[in-house]
């Protein structure tokens with residue numbers, strides 16, 4: 001099998017590989033053990049060659065320019081954390097204009113990333129070591145000051161594009177994770193850096209991103225009940241959702257088009273899911289009819305047509321799926337009668353194939369996934385208490401809360417390799433939500 | 001805090017009055033006439049009157065204090081009854097017979113004090129999910145409110161809120177801590193300064 005992936009076009013690559021359309025099939029047959037990142041657009045096949053079943057090796061060269069050291073560290077770390085390439089260290093310690101293909105081949109590299117940082121742009125050249133040629137090149141606009149949040153985001157966006165060139169799948173570095181710490185909403189870059197609070201300490205819970213990344217919604221305690229706040233990160237204004245005044249309003253989530261917010265509203269006869277316009281004062285519309293039970297933690301299918309949620313309607317919290325109009329309610333997770341275990345906290349993967357959730361087993365939560373097609377389940381954690389998973393845009397990485405280090409922190413898991421890393425440090429962190437991509441390369 | 005605001009000044013005034021009476025004879029230089037003047041029967045009757053007066057003031061102060069104590073005790077008892085916590089089983093919001101008995105004691109006090117408003121806060125143990133527990137706590141608080149309103153208490157006098165597992169009273173991962181944290185807490189939000197006992 002070959003690694004068939006999509007890449008952006010470059011004139012150079014097209015020039016060198018043009019005419020290989022007819023040869024492509026034969027080439028794949030001949031080099032059966034060679035993976036190929038390729039672009040099928042316009043019938044032109046170009047690509048970086050590497051062995052299938054093995055991650056391509058990449059050397060990131062030191063970067064010339066003000067902030068070059070930071071930029072180099074970010075690119076190298078992002079590519080490593082993406083889990084799709086092997087970052088090879090031990091290359092030259094100083095920036096160089098020349099690329100010694102023979103040396104990098106010896107180091108096991110398939111690609112070399114060479115960059116130059118100017119005041120307003122990052123110039124990136126990706127070399128194909130096997131082909132001994134320039135494979136891709138692009139200028140990424142960098143307007144923000146070195147080390148600022150926007151500057152970091154620009155570096156992350158470059159990393160994600162490089163990962164796209166190397167593997168055919170964009171990285172998820174230019175994303176952030178929102179979470180709860182000390183009663184406030186905090187945000188951290190996907191690489192674990194630049195953690196900072198964005199909300200006041202309002203007893204915040206359940207932060208969630210709008211698809212564009214401009215808004216964060218979360219619940220906040222007030223003396224008269226729990227409200228949903230919608231914070232505009234561009235101008236830091238906060239508005240309170242009044243679609244269902246009073247009582248409990250919690251666990252908000254935006255629809256994939258960003259035009260609807262769905263949340264759990266509880267009054268004196270149970271808690272049900274409601275839908276509302278996040279930017280108007282119109283009344284909310286009831287979705288679930290729980291008849292006095294608890295229905296909460298909604299998550300949208302990527303097409304926006306269905307919602308998975310937690311319900312205790314059978315006397316036992318389990319994951320259910322409903323159409324957005326409240327019809328076609330279906331139990332998703334298998335139900336064991338009479339025990340004290342339960343399932344909660346669903347998050348639908350952006351590719352639509354899986355729902356991650358927490359399963360309370362023997363008094364401890366563990367992170368699991370269930371397939372939408374065959375309903376097969378897989379458990380990913382066993383060390384300590386692990387809960388509230390949230391998918392990265394690549395449907396491959398999950399951020400979740402774990403107490404395995406002794407205090408609740410956020411951890412990131414690659415569901416394909418099982419590689420796990422700690423994302424947050426310091427005081428307790430929980431209830432993570434992974435954003436969609438916040439910036440794409442030009 | 002507010003309940004003391006009214007009790008303490010009264011106690012302080014009573015105590016000061018008693019102390020003032022005690023002290024009057026002790027320094028005694030004020031009426032001192034001539035040092036050599038002999039103490040006659042007149043002086044004895046003055047002393048006796050003074051002692052009577054002191055004793056009378058003492059009795060008044062004592063009875064005042066006893067009344068204050070009685071009132072404080074009655075207030076405290078009523079408040080204890082109103083704020084008496086009720087407990088739940090794991091992942092359940094149903095009221096046990098004991099919960100109902102605890103709530104039954106609150107009803108006469110609520111009836112005797114129409115100005116009394118309360119807030120019921122539902123809480124959960126540390127085991128469940130943060131968000132699901134918010135809904136569960138809401139149902140626990142609502143269960144107590146419904147019981148009280150079913151027994152004639154006006155709905156406008158009872159607010160409910162859920163803190164889920166955000167405000168545990170007991171720390172740790174023991175069955176005892178879990179059991180203590182699955183509760184409804186009752187807080188007086190208005191009309192708690194003076195409380196008549198229930199009939």
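A short reminder: the numbers here are calculations on the coordinates, not readings from a lab. These numbers were taken from a predicted model, which means no experiment stands behind them. For neighbour counting, all protein chains shown are included, and Cβ atoms are generated from backbone atoms with ideal geometry for every residue, glycine included.
Overall form of the range B:42-178: prolate. Here a/c, set by the Cα gyration tensor axes a ≥ b ≥ c, is 1.5 or more, and a/b is the larger of a/b and b/c. Given a Förster radius of 30 Å and the C-beta distance between residue A:282 and residue B:154 as r, what FRET efficiency does 1/(1 + (r/R0)^6) yield to the nearest 0.05? Calculated transfer efficiency: 0.50.
Tilt of helix A:149-167 relative to the longest C-alpha principal axis of chain A, in degrees (0 to 90, nearest 10)? Once rounded, one gets 60 degrees.
When only C-alpha pairs under 8 Å and at least 6 residues apart count, what is the relative contact order of chain A, in percent? Show your work: numbers first, answer last.
Details: 1137 pairs, mean separation 44.8, N = 442.
Relative contact order, chain A: 10 percent.
Using just its DSSP H runs of length 4 or more, each adding -39500 (n - 2.57), chain A gives a mean residue ellipticity at 222 nm of -4000 deg cm²/dmol after division by all residues.
Listed peptides A:389-396, A:200-207 appear in the order A:389-396, A:200-207 once ranked by packing, highest mean of other Cβ atoms within 10 Å at the front.
Name the residues of the range B:144-174 whose amide N is less than 19 Å from a point 7 angstrom out from the Cα of residue A:240 along the C-beta direction? Correct set: B:158-164.
Round to the nearest 0.05 the FRET efficiency obtained for residue B:80 and residue A:404 when R0 = 56 Å and r is the Cβ-Cβ distance. According to the calculation, E is roughly 0.85. Using a cutoff of 8 angstrom between alpha carbon atoms and counting only pairs six or more residues apart, the relative contact order for the range A:282-426 works out to 13 percent.
How would you order B:91-99, A:297-305 from highest to lowest mean count of nearby Cβ atoms within 10 Å? Provide the component values of the computation, followed by the final result.
Numbers: B:91-99: 15.6, A:297-305: 19.0.
Top of the packing list down: A:297-305, B:91-99.
Where in the range B:96-134 does the amide nitrogen come within less than 20 Å of the point 7 Å from the Cα of residue B:176, taken along Cα to Cβ? In the range B:96-134, the label zone of residue B:176 (backbone N under 20 Å from the point 7 Å along Cα→Cβ) covers B:124-127.
Any idea what the relative contact order of the range B:87-190 is, in percent, if you count C-alpha pairs under 8 Å spaced at least 6 apart?
On the way: 193 pairs, mean separation 42.7, N = 104.
Here the relative contact order equals 41 percent.
For the pair residue A:97 and residue B:98, what calculated FRET efficiency results from E = 1/(1 + (r/R0)^6), where r is the Cβ-Cβ distance and R0 = 56 Å, to the nearest 0.05? Calculated value: 0.10. In terms of its C-alpha gyration tensor, the range A:176-434 comes out rounded, because the ratio a/c of the largest to the smallest axis stays below 1.5.
Spin-label model, residue A:214 to residue B:146: label points 7 Å out along the Cα-to-beta-carbon direction sit 4.2 nm apart.
Against chain A, whose longest principal axis comes from its Cα atoms, helix A:21-30 is set at around 90 degrees.
Using only Cα atoms, locate the centre of the range B:67-118 and the centre of the range B:119-191, then give the distance between them in Å, rounded to an integer. Answer, in whole Å: 14.
Look at the Cα gyration tensor of the range A:288-416: its axes a ≥ b ≥ c give a/c of at least 1.5 with a/b at or below b/c, and that counts as oblate. Relative to the longest principal axis of the Cα atoms of chain A, the long axis of helix A:68-81 makes an angle of roughly 70 degrees. Straightening the chain between residue A:327 and residue A:107 buys 73.4 nm, computed as 0.36 nm per residue apart minus the Cα-Cα spacing.
Restricting to the range B:87-190, what percent of DSSP beta bridges are antiparallel, rounded to 5? Restricted to the range B:87-190, the bridges split so that about 55 percent are antiparallel.
Each of residue A:421 and residue B:67 was given a label point 7 Å from its Cα along the Cα-to-Cβ line. The distance between the two points is 7.6 nm.
Of all beta bridges DSSP finds with both residues in the range A:176-434, what is the antiparallel percent, to the nearest 5?
Numbers: 80 of 83 bridges.
Beta bridges within the range A:176-434, antiparallel portion: roughly 95 percent.
Taking the Cα centre of each part, how many Å lie between the range A:141-203 and the range A:366-397? For the range A:141-203 versus the range A:366-397, the Cα centre distance is 23 Å.
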